[in-house]
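So the structure is just underneath, and the comments pick up after that.
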Amino acid sequence: NYKAVIFDLDGVICHTDHYHYLAWKEVADELGIYFDESINHRLRGVSRKESFDIILERYDKIMGEEDKEIYLTKKNEGYQKLLKGMTPSDLSEETKNTLLELRKRGMKLAIGSSSKNAGLIIKQLGLEHFFDAVSDGNMITHSKPHPEVFQKAASMVNCEAENCLVVEDAKAGLEAAKAGGMDCAAVGDAVKSPLADYKLSSFRQLLEIVE
Ligand code: B16
Ligand code: MG
């Protein structure tokens, strides 16, 4: 039985994937690289740097590390500008009520996100004092599909892996959960993955899993 639920952020608690898309699109356009929503989909759960390498697969030149840094910074500045427009109303009622009910049932609630902007996003949503632990892209040396971000979250809430349930929207995230010995519930497109222990068609279905 579960004692903690570890939530991915982008694609689970909020929908910042479109902001990632817009910010990457600006960089790609500047470089003359083709980029669309389906390529953006491959960036889910993947770190910023690895995301850029996926985008650069369609670049016909070789980009040096220094130039990469410049574009990574540009992308992040564009992304943060969009994040700053987010407000607590970007958190859906269903998500909010489900989190509150899980808390009532005695669950520890944590975030396990690849994003280095997790703190900012949580603050914009008005959740900065809500979670028992936030494990994010600033604290890890290996990003998903490596389990580190979830293992950190589990240890921050003092829970064994077998008592943790991870909620994810990305293949890399499901792989990370399983590699860490944790059960995982998939939302969105991730439900197609055979790695998912549970397939959620709505966020509130979590309440049927975690009794
Ligand atoms: P940042 P998650 C991930 O968040 C996003 O899904 C992924 O698209 C992004 O590249 C990654 O965070 C890094 O984000 O540039 O803000 O550090 O799904 O793990 O919450
Ligand atoms: Mg995600």
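Read-outs: derived from the displayed coordinates by stated rules, not from any lab. Just so it is clear, the structure is predicted and the values come from calculations on it, not from any experiment. So basically every Cβ, Gly included, is an ideal-geometry build from the backbone, and we count neighbours across all protein chains shown.
Put in line by how crowded their Cβ is, counting other Cβ atoms within 10 Å and starting with the fewest, T141, T16 read T141, T16.
Using a Gaussian network model of the chain in which every pair of alpha carbons under 10 angstrom is joined by a spring, one finds that among M86, M182, M63 the greatest mean-square fluctuation is at M63. Net charge dipole, segment 83-211: roughly 280 debye, given to the nearest 20, about the Cα centre with Cβ charges of +1 for Lys and Arg and -1 for Asp and Glu. For the pair N158 and K68 in one chain, pulling the backbone fully straight at 0.36 nm per residue adds 28.6 nm over the alpha carbon distance. The modelled label-to-label distance for the pair K81/R58, using points 7 Å beyond Cα in the direction of Cβ, is 2.2 nm. For the chain, treating each Cα as an identical point scatterer without solvent, what Debye log10 I(q)/I(0) comes out at q = 0.09, 0.11, 0.17 1/Å? Treating every Cα as an identical point scatterer, log10 I(q)/I(0) equals -0.34, -0.50, -1.16. Here the alpha carbons of segment 92-211 define both size measures, Rg and Dmax, at 13.4, 35 Å. Converting the Cα gyration tensor eigenvalues of segment 38-143 into ellipsoid dimensions via √(5λ) gives semi-axes, longest first, of 32, 15, 13 Å.
The order of Y79, Y2, Y34, Y198, going from fewest to most other C-beta atoms within 10 Å of their C-beta, is Y34, Y198, Y2, Y79.
Dipole size of segment 1-52 about its Cα centre, with +1 on Lys/Arg Cβ and -1 on Asp/Glu Cβ: approximately 320 debye, rounded to the nearest 20. A helix-only calculation puts the chain at -12000 deg cm²/dmol for mean residue ellipticity at 222 nm, using -39500 (n - 2.57) for each DSSP H run of at least four residues, averaged over all residues.
Stokes-Einstein diffusion of segment 50-107 at 10 °C, 1.306 mPa s viscosity, Kirkwood radius from Cα pairs, rounded to a whole number: 106 µm²/s.
For segment 22-61, the share of alpha carbon pairs falling in successive 10 Å distance bins from zero is 32, 62, 6 percent. Annotation for H146 and R103: the two label points, set 7 Å from Cα along the Cα-Cβ direction, are 3.2 nm apart.
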